[in-house]
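Worksheet: the structure to be examined is printed underneath.
The values are calculated or read from the model by the stated rules, or taken from the named source; none is laboratory data. Quantities reported herein were computed from a predicted structural model and do not represent experimental measurements. No Cβ is skipped: glycine too gets one built from the backbone with ideal geometry, and neighbour counts run over all protein chains shown. Accessible surface is based on the protein model in full, side chains and every heavy atom, while ligands, DNA and RNA are left aside. Shrake-Rupley method; radii C 1.70, N 1.55, O 1.52, S 1.80 Å.
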Amino acid sequence: MMTEAFVNASVKPLDSLDMLSPYEVAKLQDKSQGGLYRLLRQCALAVLNCGSELDSTRTVLERYRTFDIQISHKHRGVQLNLINAPASAFVDGELIQGIREHLFSVVRDLLYVEDEFSSCCDGLEPSAMATNVVFHLLRHANALQPHVKPNLMVCWGGHSIARHEYEYTKKVGYELGLRGMNICTGCGPGAMKGPMKGAAIAHAKQRINAARYVGISEPGIIAAESPNPIVNELIIMPDIEKRLEAFVRLGHGIVVFPGGVGTAEEILYMLGILLREENGKLPFPFIFTGPAGSEAYFETVDRFIAETLGERARGMYEIIIDDPHGVAVRARESLKEVTAHRRATGEAFHYNWQLHIPRALQQTFEPTHANMAALNLSRNQPDYELAAQLRCALSGIVAGNVKEPGIQAIEQYGPFELHGEPSVMQSLDRLLSSFVEQRRMKINHEDYRPCFRLARPEGSQTGT
């Protein structure tokens, strides 16, 4: 049944999740504090809202405030009942195939985290436990493919990018796809969609029928970055820290396109890993690239890294401007090094167990005002520890920009306040100011109001 913008429909899974226990159904429909209903509704709505240009969880939830999802048992299996779902998810009354797959990926991942991980990995120390949790989640989602040579390139970049930057991401994806590489992104629009779209054309030309377009998201961000329609493997990790670890454990190299605060957070996360002595001999391609005209963006990021983390950190990545062919060739050469290293050391092709990720990058960071103010933004600590602290600062700003709990906290208590060493704060001020000036904070940049301010020891404050 269809109204002007909404559809009511009943949907059954195609292959998996034909059976759920009464306990699982009750958990998914539980609207109490510990129940899964709120997360299920929010993630399902994000999937159904594919193609949206909204990047505010609150705006999405408000627009579709009458949307509901219910689960029922039928004699032939489980059924999802969608009430007032976005009409754009349907064609002639039928749910689009890819969206149907994404919808049941949400159910699969939410249930698995809730029901099967409460007692996972008993006896392991916390860091090893986090790594094993990520492994189990990826394995349960059938994302691990053993005995396949490394070919999965992770592409990071902003959802709010200019048109010429988006077109460039497609060109890079095309060149990667021509060389048989698969794509993994954060699953949303912009630089997360472009590489997949370009690679899809290249894979079709090369007659690659089992191409992979892996999208990794998490409940806090998915409504603001709805999965793009190219994704054919959607994975919902429980939080941003496990999402980031999934990228670097599953992927074999990383290409970074222009972005905003979220992309800078990802860069700092990776640098916090690569700067560790334990990872010094592990080959891991890390390439920054963008079209002509994006030099200022990478110069700003490069300068920020040099000023805060030092010259050693600058040696962990390379910058290639306006050369999609060059990026793909460099990625292919680097993947040969990755393959040779893993063969020589007996490491799995499908999961990077050897990569050491410090506990500081695995611990869940809750972006409250108190936690943001308590961050140690000083160079009086190892470079990798400062990278982890800066990562948390930017993660909090992302939350304040687009995640509902962060937005509520800002409305109630005002902007997050960051404190730190003056030189670090000045560098952070320049970085964030450049993101605002280049309109990289949100899609609707005209209405953007900073959710943070930088406090200085002498008492003056700057809000970017």
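Details
- For segment 153-284, diffusion coefficient by Stokes-Einstein and Kirkwood Rh (Cα), 25 °C, 0.890 mPa s, µm²/s: 166 µm²/s
- The stretch between residue 209 and residue 292, if pulled fully straight at 0.36 nm per residue, gains 26.6 nm over its current Cα-Cα span.
- Listed values [x] 22.2; [y] 29.2; [z] 37.4, entry calculated as mean projected area of the Cα convex hull in nm²: [x]
- Two-site FRET efficiency, residue 148 against residue 356, from Cβ-Cβ distance with R₀ of 41 Å, rounded to 0.05: 0.95
- Segment 127-168 - Debye-derived log10 I(q)/I(0), Cα point model, q = 0.13, 0.14, 0.20, 0.35 Å⁻¹: -0.54, -0.60, -0.80, -1.12
- Heavy-atom surface of the chain, accessible at 1.4 Å and reported per residue (Å²): 41 Å²
- With loop membership from DSSP and a limit of 10 other Cβ atoms within 10 Å, the longest segment of the chain without trypsin sites (Lys or Arg not before Pro) is 282-464.
- Comparing segment 191-230 with the 2.2 N^0.38 Å rule of thumb, its C-alpha radius of gyration ratio is 1.34 (two decimals).
- Rounded to the nearest 0.05, the FRET efficiency derived from the C-beta distance between residue 380 and residue 417 at R0 = 22 Å is 0.60.
- Residues residue 201 and residue 370, FRET efficiency given R0 of 41 Å [Cβ-Cβ distance, rounded to 0.05]: 0.25
- Distance between modelled label sites at residue 239 and residue 25, nm, 7 Å Cα→Cβ extension: 3.3 nm
- Sulfur and carbon atoms: percent of accessible area, the chain [1.4 Å]: 49 percent
- Other residues within the sphere of radius under 12 Å centred on the Cβ of residue 363, judged by their own Cβ, net out at -1 (K and R +1, D and E -1).
- Cα-based equivalent ellipsoid, segment 388-430: semi-axes from gyration tensor eigenvalues, Å: 21, 11, 8
- For residue 366, solvent-accessible area (1.4 Å; no DNA, RNA or ligand), Å²: 120 Å²
- Square roots of five times the Cα gyration tensor eigenvalues for segment 236-304, Å: 22, 16, 11
- Per the Debye calculation on segment 83-161 with a single equal scatterer at every Cα and no solvent contribution, log₁₀ I(q)/I(0) for q = 0.14, 0.19, 0.21, 0.25 Å⁻¹ amounts to -0.78, -1.05, -1.08, -1.15.
- Reachable lysines from residue 12, criterion Cα separation under 25 angstrom, eight or more residues apart if same chain: 27, 31, 74
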